[in-house]
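What follows is one structure encoded as structure tokens, with my remarks underneath.
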Amino acid sequence: MKSSNTVLIALFAALIVVLSLIPPIPLPAIPVPITLQTLGAMLAGAMLGPLRGALACLLYLALAAIGLPVLPGGRGGLGAFFGPTGGFLVGLVAGACVTGWLARRLAARARGAAQAAAYVLACVVGGILVVYAFGVPWLAVVTKMELAKAALAVAVFLPGDVAKALVAGWVAWRVERVWPMLER
């Protein structure tokens, strides 16, 4: 791996840390707070591509696993992976990978507004659907909820996550125009 790739991976892992340390917003009756982690994962995937985006998220999770307080609320350690948010954390890696893969396939071929829409679509699919596919079943198991009830509980996050996808897609589209980073 080239040193420029290593720097980009570390830079985006640091970006995810910064977004994670913005104070989380707890919601009543749901053990998962509103955070900006998924915005960082969407940006990493959309701007770095599938491999580098997933590696940036994996580096972020490795920092959390060794105990550094990089998770929302200043948490860290392996215990966070076994709590209600553990599935969402693991889903960040897969979500960044899928976001990057879709961005490469869709946005790299489009131009103008269609390219911006392609980035947003990649962020929605990877940063929301894939992350939820990991997080909701894990939340259901850990909290002993039915899967449908867990899915309904996290539905309150959808408007905010869609807003994050719009922001990430727009940022990736604007940055790509002046500083192409997607692996071709």
(request) Step through the residues of segment 50-66 one at a time and calculate ³J(HN,Hα) from phi using the Karplus curve (6.51 cos²θ - 1.76 cosθ + 1.60, θ = phi - 60°), rounding each to whole Hz and writing x for Gly and Pro. (result) x, 6, 5, x, 5, 5, 4, 5, 5, 4, 4, 5, 5, 4, 5, 5, 7
(message) Can you compute the label reach from L11? Point 7 Å from Cα along the Cβ direction, backbone N cut-off under 18 Å, restricted to segment 18-53.
(response) 18-19, 40-53
(message) Tell me the relative contact order for the chain as a rounded percent, counting alpha carbon contacts under 8 Å between residues six or more apart.
(response) 24
(request) Would you mind telling me the share, in percent, of accessible area of segment 26-88 contributed by carbon and sulfur at probe 1.4 angstrom? (result) 80
(request) Evaluate the charge dipole of segment 45-152 about its Cα centre and quote only its size in Debye, nearest 20, assuming +1 on the Cβ of each Lys and Arg and -1 on the Cβ of each Asp and Glu. (result) 280
(request) Could you work out how far apart the two model spin labels at S3 and L129 are, taking each label as a point 7 Å from the Cα in the direction of the beta carbon, and quote it in nm? (result) 4.1
(message) Could you work out [θ]222 nm for the chain from helices alone, using -39500 (n - 2.57) per DSSP H run of at least four and dividing by all its residues? Round to the nearest 500 deg cm²/dmol.
(response) -22000 deg cm²/dmol
(request) Among (i) 24, 18, 17; (ii) 33, 19, 16; (iii) 27, 19, 13, find the value of semi-axes √(5λ) of the Cα gyration tensor in Å that was calculated from the structure presented, and write down its label. (result) (iii)
(request) Classify segment 1-103 as rounded, prolate or oblate from the Cα gyration tensor: take a ≥ b ≥ c as the square roots of its eigenvalues, call it rounded if a/c is under 1.5, otherwise prolate when a/b beats b/c and oblate if not. (result) prolate
(request) Pull out the extension gain between A62 and L152, defined as 0.36 nm times the separation in residues minus the alpha carbon to alpha carbon distance; nm, one decimal. (result) 29.4 nm
(request) Over the chain, average the accessible area per residue using a 1.4 Å probe and give it in Å², no decimals. (result) 47
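The values are calculated or read from the model by the stated rules, or taken from the named source; none is laboratory data. These numbers were taken from a predicted model, which means no experiment stands behind them. All Cβ positions, even for glycine, are placed from backbone atoms using ideal geometry, and neighbour counts span all protein chains on display. The protein model used for the area step is the full one, side chains on, heavy atoms only, and it has no ligands, DNA or RNA in it. Shrake-Rupley method; radii C 1.70, N 1.55, O 1.52, S 1.80 Å.
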